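> Have a look at the structure that comes next, please.
The values are calculated or read from the model by the stated rules, or taken from the named source; none is laboratory data. Not measured: the values here are computed from a predicted model. Neighbour counts are summed over all protein chains in view; Cβ atoms, including those assigned to glycine, are modelled from backbone coordinates with ideal geometry. Protein only, heavy atoms only, side chains kept; ligands, DNA and RNA dropped before computing areas. Shrake-Rupley method; radii C 1.70, N 1.55, O 1.52, S 1.80 Å.
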Amino acid sequence: MDEMEEELKCPVCGSFFREPIILPCSHNICLACARNILVQTPDAESPQSSRASGSGVSDYDYLDLDKMSLYSEADSGYGSYGGFVSAPTTPCQKSPNGVRVFPPSVPHPPQAQHHLLPHTGVLPPVPRNSCLTCPQCHRSLTLDDRGLRGFPKNRVLEGVVDRYQQSKAAALKCQLCEKSPREATVMCEQCDVFYCDPCRLRCHPPRGPLAKHRLVPPAQGRISRRASPRKISTCTEHELENLSMYCVQCKTPVCYQCLEDGKHSTHEVKALGAMWKLHKGQLSQALNVLSDRATEAKEFLVQLRNMVQHIQENGVEFEACLVAQCDALIEALNRRKAQLLSRVTKEHEHKLSVVRDQISHCTVKLRQTTGLMEYCLEVIKENDPSGFLQISDALIRRVHMTENQWGKGSLTPRMSSDFDLTLDSGPLLQTIHQLDFVQMKVPAAPILQLEECCTQTNSATLSWKQPPLSTIAVEGYILELDDGTGGQFREVYVGIEMICTVDGLHFNSTYKARVKAYNSSGVGQYSKTLVMQTSEIAWFTFDPASAHPDIILSNDNLTVTCNSYDDRVVMGNTGFSRGVHYWEMTIDRYDNHPDPAFGIARADVMKDVMLGKDDKAWAMYVDNNRSWFMHNNSHTNRTDGGISKGATVGVLLDFSRGILLFLINDEQQGPVAFNTLEGMYYPAISLNRNVQVTLHSGLPIPDFYTPGESEAAGSVC
């Protein structure tokens, strides 16, 4: 009940309602607080026709008239029922509940101060031409001569407040203490007020008329207050009349005199008790709906609180993952840094080695050159011509040879002092600057759109979509179906489309389907599993796409003939691999005793020879007198009995036993034609231009035939 407490507090004083009155806008306010926020208007501007809640103005009229009474920060006017009354700008204050209230702009004269008359609990008269503004919706009205008595008292709210206070208060408090109410010591049964000792001595002295009042302990007073009979509400217009009827148009209780004096005489009225029960029922129904919404809101709050926990956990996990990834990048950068430093060190050592070798070589060569020069100078100093000439040629050659050695780039450094290595860090820096988060988690589970999923004969169409709030990129979807018998799921579609039709399913089978999404991060969760039922009856027609070009089809591909004298093959558009299937063909035309063949075939059967000539077909060919079974050009089981115009040839394929048998005119033709049949087979027929037949598919099993155990309880599929 703690949540209800705000509903029980006055928007002006912030305390629990005391003697609440109902304003025309349906809001409540304490009677004393209503008097405290009254604004007195000049007589000249007060509409004489304006009245309070008892003026007969309905809620609907009030809504229309109230369009002029909206309060805003820029317009401080006040509206009334009779028109618009301007008032001076009034400073806005806030009540303890945080609601804006508008105190009087001018002080009231002493005779109008809002205090209770001593020991009576009765308010003094309200000044004439007073204006009241609702502190919640700011709708305004001018009071009539009855003043605040013109507003009905909300006795229901008063009772709820009383019960709430009694349920919450451990000890009853004095009702007259202004601040920090003390614990009540007595209750006056006549005044219906709890007093502490100081307030009792000050406000309820045991003398005069008050001496006859009965004072009881607070606990006994609480019990007597609870047991007190319900107060009967009286009419605000006619205070001596009890409210006995309900005006449907004005939506307010009225008394008998209200119906007599003309104000509600033309309005529809109903019994007060009946409307009380009706409105209680309507409120109960509305509360049931609201209760469901509140339950959903509580579950939603639980979900949000769980999300907070998950967000915190995921945030810590994500931060740890981010730190680990960045640390890995830093570690990789440090390893690369060490590799690059190693290359720089090798280059540095190589340059030093080359330069040092050149220094050593030049030093030796310079020493030799200097020695040769000094030797030649000493030779020049000799005065012996013959001796000089003996060695001069050799010395000249040596000097020229040495000089040539210095002139062949020996005085050019073999290695530059600059390092010709430049670190190309631009792309890496750009990549680091572009380093950001991307939504690359695995996709959420798709949602199957049930209104668009359906089955038709032996085909199923499925449609799905991504969850509305999912922003994760999806690269494709994987659709899976089981085998129709509760077996393993298998992939039937992989792609980006969100709708898929699967053909070639088994008839009369229950399939389960599910879908999941994937992207480069992985494969998401499966959707909910959808259960689908294929058609019980195997309806099919002849297939023009796979028929021989000489075949002629009509009647919506149910009637077939041929324009060639040679036998040509046409197959049905549906294959069978499970169940019991029966179909018939009526002979519409039969000329010159041809040999049409009826049976089943594989998808790759030969189309330009009689059915049964190769190993891809199992057939019965028949003329006007007899029939034979044929497979792989082997003729067996000649049986008397042929066909003519109007005859019917039936084919029964039973996979539960793996057999194929034939009927002519509802009678079995020969023994079981073939057995040990497994795999996928298509209905087939071969004929020439002398024959025309019409197909009848989806027929019930003949009465004489009993299916195998696995199919005995089912119907034709």
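> May I ask you to say which residue of K351, K270 is outside any helix (DSSP H, G or I) and surrounded by 10 or more Cβ atoms within 10 Å (Cβ to Cβ)?
None of the other options fit; the residue is K270.
> Please go through segment 436-453 and give me each residue that is without any contact (Cβ under 8 Å) to a residue 24 or more places away in the chain and within 23 Å of Y511 (Cβ to Cβ), ordered by number.
Those that are without any contact (Cβ under 8 Å) to a residue 24 or more places away in the chain and within 23 Å of Y511 (Cβ to Cβ): Q449, E451.
> May I pose another question? Identify all residues within segment 606-629 that are open to solvent by less than 10 Å² (accessible area, probe 1.4 Å) and part of a loop (DSSP other than H, G, I, E, B); write none if there are none.
Those that are open to solvent by less than 10 Å² (accessible area, probe 1.4 Å) and part of a loop (DSSP other than H, G, I, E, B): L611, G612.
> Select from segment 460-474 the residues that are more than 20 Å from V523 (Cβ to Cβ) and touching a residue at least 40 places away in the same chain (Cβ under 8 Å) and write down the one among them that is most open to solvent (accessible area, probe 1.4 Å).
T461
> Are any of the residues in segment 170-186 in contact with a Gly (Cβ under 7 Å, 6 or more places away or on another chain) and not small (G, A, S)?
No, because not a single residue in segment 170-186 is in contact with a Gly (Cβ under 7 Å, 6 or more places away or on another chain) and not small (G, A, S).
> Same structure again: Does G658 satisfy the criteria of being open to solvent by less than 70 Å² (accessible area, probe 1.4 Å), over 18 Å from V569 (Cβ atoms) and at pLDDT 95 or above?
It is false that G658 is open to solvent by less than 70 Å² (accessible area, probe 1.4 Å), over 18 Å from V569 (Cβ atoms) and at pLDDT 95 or above.
> How many residues are outside any strand (DSSP E or B) and either open to solvent by less than 40 Å² (accessible area, probe 1.4 Å) or acidic (D, E) (or both) if we restrict to segment 445-456?
Number of matching residues: 6.
> Regarding segment 503-512, can at least one residue be identified that is crowded, with 17+ Cβ neighbours inside 10 Å and modelled with pLDDT of 95 or more?
No: segment 503-512 contains no residue that is crowded, with 17+ Cβ neighbours inside 10 Å and modelled with pLDDT of 95 or more.
> Are there any pairs, at least 6 apart or on different chains, whose C-beta atoms fall under 9 Å, with the first in segment 327-341 and over 15 Å from L423 (Cα atoms) and the second open to solvent by less than 100 Å² (accessible area, probe 1.4 Å) and assigned to a helix (DSSP H, G or I), and if so, which?
Here the result reads L329/I432, each pair linking segment 327-341 to a residue that is open to solvent by less than 100 Å² (accessible area, probe 1.4 Å) and assigned to a helix (DSSP H, G or I).
> Do we find that Q405 is surrounded by 10 or more Cβ atoms within 10 Å (Cβ to Cβ), part of a helix (DSSP H, G or I) and modelled with pLDDT under 85 in this structure?
Here the answer is yes, as Q405 does meet what is asked.
> Which residue pairs have Cβ atoms closer than 8 Å, lie 6 or more positions apart in sequence or on different chains, and pair a first residue in segment 231-260 that is at positive phi and in contact (Cβ under 8 Å) with a residue 40 or more places away in the chain with a second residue that is of a type in the set (G, A, S) and not in a strand (DSSP E or B)?
K251/S58
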